[in-house]
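Colleague: Take a look at the following structure, please.
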Amino acid sequence: MNTNTQPALAKFYEPILQRIQKHLADQVKIPFGIRLWEGRVYRFGEGEPTVDIVVNDRRGLIALSRFDELSICEAYMTGSLDVVGNMLPFVSLRGTLNDSHPLHYLWRRIAPWLIGRVTTNRQAIAAHYEFDNDFYLKFLDPSRCYSQAVFECDDEPLETAQRRKLDFAIQSCRLEPGDRVLDVGCGWGSFTEHAGRRGIQVTSLTISRQSEKFVKDLILRLQLPAQVLNQDFLTHRSAEPYDAIVILGVMEHLPDYPGVLQRFQQLLKPGGRVYLDASAFREKHVKPTFVSRYIFPGDHSFFCLHDFLTAVSRTQLDVLEVYNDRNNYFLTCKAWAEKLEVARDEIIRCWGEELYRRFRLYLWGSAYAFLNRGMGAYRVVLERPHEV
């Protein structure tokens, strides 16, 4: 580098680094470093850093100086920032950042009312799920289940824990061969296959074209007693009621709890059960702007257990079981993130580095949110009682 440019660079970045140091002075719990593109290294916190943030250009440094979570995520996705080392300490820094984007939040809340919830649901699902199926299969386990597993111990293989969860859903709903079950938001057919192999008749709903094609091919290839329909749950109709409804990781896309519960009562036979699982938050519509803009756009909302149970209390449905799955979802997201990193080169070659970086932030960020109790996760079992 031309030595004549170094004083000018120092004049640019020194005030910014001082501002970062002042902002983080009392908030850094995990030591980390910041490496500038011209070679200087700054250390924050006490002890040896477990992660370094590499600033590749001025845009990256400006993003850090804003202390805005969305700006830093965007700088990482575009390559202005890099992360070297353990990702968990990096995503833990979100607790020191701001995330106030009121116009984005307002539009997300009013769009379903202006455009219609069914329309916004399709737009949101398309934005997340219409990538090539093979992309998701790079980090999911062979069960292809895209919600939390149920682990017996922390070092258990993810596939074993996922199949235990699928078994739990079947057992909780008391499903037997020949019973009819509605699989809401069937994803890549994990429950459809698991139940169908046991002779359970599955009607699988999806509003993703990629998912519909994948599950249709799966049903034909394995000759499962199942069908897949491209229909929204809120508008689905059935000539006869179901023995059970299973919803794996889809309640986040169904924030209208009274409407959802009404559909349960309309679609279930007396004595029929609902199994659902979901990632959760204490406030229903709180969601990082990065997630709502780049991962789950639209009216996606984390499951809010107390709001949901309050809505259930106004119906005839009985709550049979509730399980806290926070640690299970931490282990699940951690396993997904590790598999994503193993497949890094292939993902970048096939789908580009921006998509890899986007999901790297999302999966490690989610894992940390479960680890530090910022997010929760639940399994819930409901029943429509017999009339007396």
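Rule-based calculations on the coordinates, nothing more; no lab input. Given the structure is predicted, the values throughout are model-derived calculations rather than measurements. Glycine gets a Cβ as well: all are built from the backbone with ideal geometry, and neighbour counts include every protein chain shown.
Colleague: Per 10 Å bin from zero, what fraction in whole % of the C-alpha pairs of the stretch 258-360 is there, up to the bin with the longest pair?
Modeller: Reading upward from the zero bin: 12, 31, 30, 18, 9, 0.
Colleague: Lysine pairs in the chain 8 or more apart or on different chains: how many have alpha carbons under 29 angstrom apart?
Modeller: Lysine pairs, 8 or more places apart or on different chains, close enough: 27.
Colleague: Ordered by residue, what ³J(HN,Hα) values in Hz, to whole numbers, does the stretch 308-323 give under the Karplus form 6.51 cos²θ - 1.76 cosθ + 1.60, where θ = phi - 60° and Gly and Pro are x?
Modeller: 5, 5, 4, 5, 4, 5, 8, 10, 8, 5, 9, 8, 9, 8, 9, 10
Colleague: Determine, for each peptide in 352-364, 304-316, the mean count of other beta carbons within 10 angstrom over its residues, then list the peptides with the highest first.
Modeller: Descending mean neighbour count gives 352-364, 304-316.
Colleague: Where does helix 353-371 land angle-wise versus the long Cα axis of the chain, in degrees 0 to 90, nearest 10?
Modeller: Orientation of helix 353-371: about 70 degrees from the principal axis.
Colleague: I've got another one for you. What translational diffusion coefficient, in µm²/s and rounded to a whole number, does the Stokes-Einstein relation yield for the stretch 201-255 at 25 °C and a viscosity of 0.890 mPa s, taking the hydrodynamic radius as the Kirkwood radius over Cα pairs? Spell out each step's value before the answer.
Modeller: On the way: Rh = 12.3 Å.
Reported coefficient: 199 µm²/s.
Colleague: For the stretch 168-320, count the residues as N, evaluate 2.2 N^0.38 Å, and divide the Cα radius of gyration by that value, please.
Modeller: 1.04
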